[in-house]
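Below is one structure, written out as structure tokens; the observations come after it.
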Amino acid sequence: GRVPVTSEEHFAPSNIALCKYWGKRDTQLNLPVNASLSVSLGYLGSHTRLVPIDYSADEIWLNGDRLLPSAAFSQRISAFLDLFRAPGQCHFRVTTRNSIPTAAGLASSASGFAALALAVNDSFQLGLNTEQLSVLARLGSGSACRSVFKGFVEWQMGQREDGLDSHGVVLPETWPGLCVGLIKVDASVKSTDSRSGMKRTVETAHLYQSWPLQAAADLQQLRRAITVGDFTLLGQTAEHNALSMHATMIASWPPLVYWQPESLACMQKIWRLRQEGLPVYFTMDAGPNLKLLFERDQLEELMRHFPDMEVIQPFGDD
Ligand code: PMV
């Protein structure tokens with residue numbers, strides 16, 4: 001292979017799935033059971049740079065702190081870099097800066113591996129196109145394949161065994177008034193990571209059998225909602241999809257319950273607000289935090305109800 005050089009600093013946005021990726025058909029290659037669809041979070045994400053170094057191991061820095069080589073995140077990054085270098089060929093200083101507020105309770109693996117894939121492409125001068133970069137990012141973390149793009153992104157599951165057709169594709173539509181509100185319920189709880197959570201669900205939840213059908217139907221509805229700009233359809237479908245995913249998690253054994261009491265209290269508050277006529281929906285991932293979906297017109301009203309909420313406008317120009 002080529003001799004790697006110092007890369008530029010590369011940025012990739014975080015993303016929130018409206019139709020979730022849950023379950024792998026290939027655990028080595030992170031090939032999904034179902035297609036998924038997300039919206040990227042604008043300026044919130046990861047900035048990553050690679051510097052080749054003369055040491056005998058990689059040096060991983062996250063937000064200004066050096067991580068222990070034994071940390072799970074360091075090992076995942078080194079394993080990813082191993083895909084591109086000959087054994088013992090070289091090591092890197094990897095510096096990642098997340099603009100995701102730690103208080104937001106968002107996972108950073110999607111933006112982290114997408115930014116790393118961009119930096120690897122630069123450092124090894126691979127000259128890959130965005131689809132190929134998305135395939136690479138997917139090898140680091142499934143949802144990272146959607147973080148190579150801005151806006152609405154569909155992860156096409158693909159057919160091939162080598163996974164070369166399993167990558168993100170950007171949708172042409174934008175939605176200028178769309179808002180995502182991040183509500184941190186409790187980021188201190190250590191939840192089961194998505195890799196082992198998916199494995200457990202696929203292996204033990206009979207309910208999981210119905211998931212691929214539900215996800216396929218939801219994806220169709222979301223595409224339609226985005227094409228015609230139907231916010232109710234978008235919100236309903238996203239919330240229903242997230243709750244269906246959580247149903248398969250809860251139906252696993254041992255049970256996989258990512259919710260905290262405050263998560264449910266927050267859901268009930270949203271259902272109440274909706275009954276009172278406020279168009280707001282939520283989605284949740286493999287953790288206790290909620291992500292609200294609403295339109296710009298409702299921002300002030302929602303800030304009154306959730307004063308600590310961090311708001312992102314995925315299609316805003318900030
Ligand atoms: O990319 P992973 O392995 O961290 O999985 C992400 C899984 C969910 O966040 C729960 C859903 C999704 O599509 O992002």
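The values are calculated or read from the model by the stated rules, or taken from the named source; none is laboratory data. Model, not experiment: these values are computed from the prediction. FYI the Cβ positions are ideal-geometry reconstructions off the backbone, even for glycines, and counts take in every protein chain you see.
Scanning region 64-86 for residues that are of a type outside the set (Gly, Ala, Ser), within 21 Å of residue 122 (Cβ to Cβ) and in a loop (DSSP other than H, G, I, E, B) yields 83, 84, 85.
Regarding residue 13, is this residue buried (at least 16 other Cβ atoms within 10 Å of the Cβ), over 24 Å from residue 312 (Cβ atoms) and either touching a residue at least 12 places away in the same chain (Cβ under 8 Å) or aliphatic (A, V, I, L, M) (or both)? It would help to see each step written out before you state the result.
Numbers: buried (at least 16 other Cβ atoms within 10 Å of the Cβ): yes; over 24 Å from residue 312 (Cβ atoms): no; either touching a residue at least 12 places away in the same chain (Cβ under 8 Å) or aliphatic (A, V, I, L, M) (or both): yes.
So residue 13 fails the test.
Of note, residue 150 satisfies the criterion of being surrounded by fewer than 21 Cβ atoms within 10 Å (Cβ to Cβ) and touching a residue at least 12 places away in the same chain (Cβ under 8 Å).
Entry remark, region 177-206: residues being outside any strand (DSSP E or B), more than 15 Å from the ligand (Cβ to nearest atom) and modelled with pLDDT of 95 or more number 4 in total. Of the numbered criteria (1) within 16 Å of the ligand (Cβ to nearest atom); (2) in contact (Cβ under 8 Å) with a residue 24 or more places away in the chain, the one residue 61 fails is (1).
Among the residues of region 160-172, is there at least one that is within 16 Å of the ligand (Cβ to nearest atom), within 16 Å of the chain's Cα centre (by Cα), under 23 Å from residue 42 (Cβ atoms) and surrounded by 20 or more Cβ atoms within 10 Å (Cβ to Cβ)? Yes, because at least one residue in region 160-172 is within 16 Å of the ligand (Cβ to nearest atom), within 16 Å of the chain's Cα centre (by Cα), under 23 Å from residue 42 (Cβ atoms) and surrounded by 20 or more Cβ atoms within 10 Å (Cβ to Cβ). Selection of region 1-39 for residues being of a type in the set (Asp, Glu) and in a loop (DSSP other than H, G, I, E, B) yields 8, 9. If the condition is being within 13 Å of the ligand (Cβ to nearest atom), in contact with a strand residue (DSSP E or B) (Cβ under 8 Å, 6 or more places away or on another chain) and among the polar types (S, T, N, Q), then region 1-33 contributes 14, 15, 30.
Just checking, how many residues over region 248-277 are in contact with an Asp or Glu (Cβ under 7 Å, 6 or more places away or on another chain) and among the acidic types (Asp, Glu)? Spell out the reasoning first.
Step one: filter region 248-277 for residues in contact with an Asp or Glu (Cβ under 7 Å, 6 or more places away or on another chain), giving 260, 262.
Next, only the ones that are among the acidic types (Asp, Glu) stay: 262.
The number of residues fulfilling the criteria is 1.
Determine whether residue 158 is part of a loop (DSSP other than H, G, I, E, B), in contact with a strand residue (DSSP E or B) (Cβ under 9 Å, 6 or more places away or on another chain) and in contact (Cβ under 8 Å) with a residue 60 or more places away in the chain. I'd like the intermediate steps shown before the answer.
Details: part of a loop (DSSP other than H, G, I, E, B): yes; in contact with a strand residue (DSSP E or B) (Cβ under 9 Å, 6 or more places away or on another chain): yes; in contact (Cβ under 8 Å) with a residue 60 or more places away in the chain: yes.
Yes: the conditions hold for residue 158.
In this structure, is residue 217 closer than 26 Å to residue 134 by Cα, more than 14 Å from the ligand (Cβ to nearest atom), without any contact (Cβ under 8 Å) to a residue 24 or more places away in the chain and of a type in the set (A, V, I, L, M, F, W, C)?
Numbers: closer than 26 Å to residue 134 by Cα: yes; more than 14 Å from the ligand (Cβ to nearest atom): yes; without any contact (Cβ under 8 Å) to a residue 24 or more places away in the chain: yes; of a type in the set (A, V, I, L, M, F, W, C): yes.
When the stated conditions are applied, residue 217 passes them.
Conditions tested, residue by residue: (1) closer than 21 Å to residue 8 by Cβ; (2) surrounded by 17 or more Cβ atoms within 10 Å (Cβ to Cβ); (3) in contact with a Leu (Cβ under 6 Å, 6 or more places away or on another chain).
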| residue | (1), (2), (3) |
| --- | --- |
| 55 | no, no, no |
| 68 | no, no, no |
| 74 | no, yes, yes |
| 79 | no, no, no |
| 92 | yes, yes, yes |
| 95 | yes, yes, no |
| 100 | yes, yes, yes |
| 119 | yes, yes, yes |
| 127 | yes, no, no |
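Quick check on my filter: what residues within region 87-133 are outside any helix (DSSP H, G or I), within 16 Å of the ligand (Cβ to nearest atom) and touching a residue at least 60 places away in the same chain (Cβ under 8 Å)? Across region 87-133, the qualifying residues are 100, 105, 106, 107, 108.
Taking the criterion of being under 18 Å from residue 140 (Cβ atoms) and in contact with an Asp or Glu (Cβ under 8 Å, 6 or more places away or on another chain), the residues of region 6-37 that qualify are 7, 10, 17, 26, 29, 36. With respect to the conditions (1) without any contact (Cβ under 8 Å) to a residue 60 or more places away in the chain; (2) more than 13 Å from the ligand (Cβ to nearest atom), residue 84 lacks only one, and its number is (1).
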